[in-house]
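Q: There's a structure below that I have some questions on.
The values are calculated or read from the model by the stated rules, or taken from the named source; none is laboratory data. Please read these numbers as outputs of a predicted model, since none were measured by experiment. Please note: Cβ atoms are built from the backbone with ideal geometry, for glycine as well, and neighbour counts cover all protein chains shown. Accessible surface is based on the protein model in full, side chains and every heavy atom, while ligands, DNA and RNA are left aside. Shrake-Rupley method; radii C 1.70, N 1.55, O 1.52, S 1.80 Å.
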Amino acid sequence: MTSRAQAVLGGDRRAAARLLTLAEAGDPSIIGDLGALYRAGGRAQVLGVTGPPGAGKSTLVDLLIARYRAEGAKVAVLAVDPSSPTTQGAILGDRVRMGRHADDDGVLIRSMATRGELGGLAPAAGDAIIVLDAMGFDWIIVETVGVGQSEIDIVAYVDTIVLLQTADGGDLVQTIKAGVLEVADILVVNKADAPAADKVVRGLQEMVASMSRPDGWSPPVIRTEASADLGVEDLAAVVERFRAFRAADKSSRREVERRRLRARIVYLGDAAWRRSLRDASDLVGAEELDAVLDRRDDPHRLAERVAARLAHHSFGRNAPRRFIIS
Ligand SMILES: Nc1nc2c(ncn2[C@@H]2O[C@H](COP(=O)(O)OP(=O)(O)OP(=O)(O)O)[C@@H](O)[C@H]2O)c(=O)[nH]1
Ligand SMILES: [Mg+2]
């Protein structure tokens, strides 16, 4: 157990906040800390809330916070914005919509935005979830704007996906990104005060009916009017029903978990591999580089040889310490 991990598990909020910042930045120096925390964790329920910009996600999440706080549960929110290059300002409206919980010790709200590395946002959120879980939050709610692949990638890190649509866009069902409906466990039609609400609910119900999931779950479609505090009880009840459904079928649950973990491991393995390659510049000799530059060899063949060498290093008995991910 690392001392940083121990501090987090011991309830040190400042140590946790520092680790969270490093986790969100995808800093590899905390791999050992995250490993220790992961092993000690696994108690939080992780809920993903996704949907198009302005659908009312933050307004609804704010209601969920209040709902779970009323039960005495501790709630963390990660507001992940793949479309924005910085975390400055009130992205996702989280500061505004969830501001009333700012002074509550049982609530933590963090914003994450795209940093340099494209595609690294969802895994960074995954690392942040490890820290939040270790901090003892009962619920971790991940709000993502429904743009691009990150929204789907985030699935690998959450237990339940809630997809929000609104009733005020008319033909909105067509705007659902390919692949997103397939991963949604619960569908919410927010802004149910809009005249098109019935049409949108029916449209979604038809789409759900035409799909069949391997686990046999049929995603319910519920209505909410978040700005009027309507429907959050229904949502909480459906979230609970889905949790019970998953818990009842251990083998299908394990199957889903394995599939999601596999995606995470492939990403992390790839990142570890790239780090090792960067560290091991001595794996490629000057003569070999010259051979490629002089067109006696080619970049692809050299890369294959370097990869094989690296694998030999990693798994061989004399593997350098830096190749061992503990
Ligand atoms: N009419 C109506 N307006 C709503 C409802 N829910 C939320 N809104 C409003 O919709 C706007 C956007 O709400 P947010 O909660 O910030 O939406 P969001 O999905 O978090 O937005 P981004 O994070 O920017 O993608 C706000 O002005 C809300 O007050 C609703 O049920 N009905
Ligand atoms: Mg928002």
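Q: Treating cross-link reach as a plain straight distance, find the aspartates and glutamates whose alpha-carbon is under 19 Å from the alpha-carbon of Lys199, omitting any fewer than eight places away in the same chain.
A: Of all the aspartates and glutamates, those that pass the test against Lys199 - Cα under 19 Å, at least 8 places apart if same chain - are Asp168, Asp171, Glu225.
Q: Go from 0 up to the bin containing the longest alpha carbon distance in the range 1-82, width 10 Å each, and give me the % of pairs per bin.
A: 14, 38, 34, 13, 0
Q: Could you calculate the contour length gain from Arg278 to Glu233, that is, 0.36 nm times the residue separation minus the distance between their Cα atoms, to one decimal place in nm?
A: Extra length available between Arg278 and Glu233 comes to 11.1 nm.
Q: To the nearest 0.05, how large is the calculated FRET efficiency for Asp290 and Ile265 if R₀ is 41 Å and r is the Cβ-Cβ distance?
A: 0.65
Q: In terms of solvent-accessible area of protein heavy atoms at a 1.4 angstrom probe, what is the ranking of Lys250, Lys74, Lys57, highest value first?
A: So the residues, ranked largest to smallest area, are Lys250, Lys74, Lys57.
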